[in-house]
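Contents: one structure, followed by commentary.
The values are calculated or read from the model by the stated rules, or taken from the named source; none is laboratory data. It should be emphasised that the depicted structure is a prediction, and the values quoted were computed from it without experimental measurement. Note that we place each Cβ from the backbone using ideal geometry, even for glycine, and neighbour counts take in every protein chain shown. The accessibility values were calculated without ligands, DNA or RNA, using every heavy atom of the protein model including side chains. Shrake-Rupley method; radii C 1.70, N 1.55, O 1.52, S 1.80 Å.
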Amino acid sequence: MAPPEGPRAPLEFGGPLGAAALLLLLPATMFHLLLAARSGPARLLGPPASLPGLEALWSPRALLLWLAWLGLQAALYLLPARKVAEGQELKDKSRLRYPINGFQALVLTALLVGLGVSAGLPLGALPEMLLPLAFVATLTAFIFSLFLYMKAQVAPVSALAPGGISGNPIYDFFLGRELNPRICFFDFKYFCELRPGLIGWVLINLALLVKEAELRGSPSLAMWLVNGFQLLYVGDALWHEEAILTTMDITHDGFGFMLAFGDIAWVPFTYSLQAQFLLRHPQPLGLPMASAICLINAIGYYIFRGANSQKNTFRKNPSDPRVAGLETISTATGRKLLVSGWWGMVRHPNYLGDLIMALAWSLPCGVSHLLPYFYLLYFTALLVHREARDERQCLQKYGLAWQEYCRRVPYRIVPYIY
Ligand SMILES: NC(=O)C1=CN([C@@H]2O[C@H](COP(=O)(O)OP(=O)(O)OC[C@H]3O[C@@H](n4cnc5c(N)ncnc54)[C@H](OP(=O)(O)O)[C@@H]3O)[C@@H](O)[C@H]2O)C=CC1
Ligand SMILES: CC(C)CCC[C@@H](C)[C@H]1CC=C2C3=C(CC[C@@]21C)[C@@]1(C)CC[C@H](O)C(C)(C)[C@@H]1CC3
């Protein structure tokens, strides 16, 4: 269907040219990281030691395993949920319904993997399949995004995302045209954002830990820390699954290549980089240093969870006793903005907590290589860009009230610095 006439959102990521470059650059970066982590020098910058041939990338076994994984996660999504939540109000004033059973999917996956391992499933063989698995995940992301792009051609105008209606096919394919593509109750974006990639990330980490135990007799302390921290992060996301319904990915961004590739390929294969690095480059880690890193992760998590929960509680019910005493600014939309508590410290306290955790995930890998710090560098860039997008949207939504908030809370992410 033709997009509506009238003012359009400014183009992001450098417009169609930038989007075209990212279509190639994102998969290339992912493969570079996978290859670098398994190479001796483990260089983040500079060419990989060797380029794999097609036979190292293409494996029918990997394809089958990948499709079985997607099928399993889809089946778990369709199981009865403990709760069905309503999303934010849409342009046509309706609200979509979402099953809240992500944590249940994580636990059931863990049980199934446990059963499989006790029946002889060689989990330690998974690290050897990362390259072909990443390849089929990338192919799936391209094919799936094409399907999403075509599906959006027949979607009603009210179902399209504000950012994905530029009319340029490459740009719209990259950013995503339809806001919440679904077939019946199956919501593709909600499913992809929290299930196959996030749970797959934890499974890859676990397989790397098992492989390390096979190689060296037991997993290293560094590997335990990385596994523990990232499991906490994924478990937390699934436990607070409903909170994702108010994030900009669900409420504002279309579902196209960026999120499809990000969710199902980028997250499992690049977010597990620290564990991949540790398998081939073991790092000594003493108890005092490990305790200091745990403390950093705990501080990051405390800020991240505190800030996210405070905003969610406030958005769901401003008179909830946990947030009723906080200072607020009224806006013309009828919604209020918090100006004390976590949201009075900086304008994105949740990003600050997330970044502190990202640092704690890299520190167990020592300081001899830059490669395990890739996540911290990428994530800083992602959140700075995301923060700027959110500020633009909030200024548009709240006008003078947002300016007043910026005056009262002048720092964006890091107090007194940024
Ligand atoms: N690991 C990863 O790869 C990634 C993790 N994340 C994490 O996801 C989480 C969610 O992030 P994201 O969706 O970007 O954004 P936020 O959760 O920060 O949400 C931003 C929205 O919060 C509302 N808001 C802003 N300021 C206030 C205030 N003072 N009082 C009340 N409401 C306010 C506004 O929406 P409104 O007023 O409409 O409610 C604004 O649009 C973060 O913790 C982030 O770190 C994000 C991206 C990637
Ligand atoms: C590949 C590109 C450069 C960018 C892709 C970005 C995506 C990988 C991220 C966009 C927002 C995300 C969120 C999470 C994971 C990464 C992506 C998909 C999140 C699910 C991680 C867990 C958190 O607790 C969360 C708050 C639920 C996150 C929501 C946003």
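The figures follow:
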{"item": "Residue match in segment 61-76 (condition: at pLDDT below 95, of a type in the set (A, V, I, L, M), within 30 Å of Arg315 (Cα to Cα) and not in a strand (DSSP E or B))", "result": "no"}
{"item": "Whichever residue in segment 92-113 is in a helix (DSSP H, G or I) and over 18 Å from the mean Cα position of the chain (by Cα) and, among such residues, is nearest to Ala125 (Cα to Cα)", "result": "Val113"}
{"item": "Count of segment 257-314 residues which are under 28 Å from Arg347 (Cβ atoms), more than 18 Å from the chain's Cα centre (by Cα) and among the basic types (Lys, Arg)", "result": "1"}
{"item": "Filter result for the condition that a residue is among the hydrophobic types (A, V, I, L, M, F, W, C) and surrounded by 18 or more Cβ atoms within 10 Å (Cβ to Cβ), over Leu295, Leu383", "result": "Leu383"}
{"item": "Residue in segment 314-327 that is touching a residue at least 40 places away in the same chain (Cβ under 8 Å) and more than 8 Å from ligand 1 (Cβ to nearest atom) present", "result": "no"}
{"item": "Complete set of residues in segment 16-38 that are open to solvent by 30 Å² or more (accessible area, probe 1.4 Å) and among the small types (Gly, Ala, Ser)", "result": "Ala20, Ala21, Ala28"}
{"item": "Flag if Ile356 is part of a loop (DSSP other than H, G, I, E, B), open to solvent by less than 60 Å² (accessible area, probe 1.4 Å) and either within 16 Å of ligand 2 (Cβ to nearest atom) or closer than 30 Å to Arg280 by Cα (or both)", "result": "no"}
{"item": "Top-ranked residue of segment 255-269 - restricted to ones that are part of a helix (DSSP H, G or I) and more than 19 Å from Gln73 (Cβ to Cβ), ranked as least open to solvent (accessible area, probe 1.4 Å)", "result": "Phe257"}
{"item": "Pair list, Cβ under 8 Å, 6 or more apart: segment 272-285 residue within 10 Å of Cys365 (Cβ to Cβ), other residue hydrophobic (A, V, I, L, M, F, W, C) and surrounded by fewer than 18 Cβ atoms within 10 Å (Cβ to Cβ)", "result": "Leu285/Leu221"}
{"item": "Residues within segment 337-353 that are within 16 Å of ligand 2 (Cβ to nearest atom) and free of Cβ contacts under 8 Å to residues at least 40 places away in the same chain, tallied", "result": "1"}
{"item": "Residue within segment 23-45 that is among the small types (Gly, Ala, Ser) and under 22 Å from Arg177 (Cβ atoms) present", "result": "no"}
{"item": "Unmet requirement for Val367, which otherwise passes all of (1) more than 13 Å from ligand 2 (Cβ to nearest atom); (2) crowded, with 17+ Cβ neighbours inside 10 Å", "result": "(2)"}
{"item": "Looking only at segment 171-198, and only at residues there that are among the aliphatic types (A, V, I, L, M) and touching a residue at least 24 places away in the same chain (Cβ under 8 Å), the one that is farthest from Ile250 (Cα to Cα)", "result": "Leu198"}
{"item": "Any hit, segment 398-418, residues being among the aromatic types (Phe, Trp, Tyr), at pLDDT below 95 and surrounded by fewer than 18 Cβ atoms within 10 Å (Cβ to Cβ)", "result": "yes"}
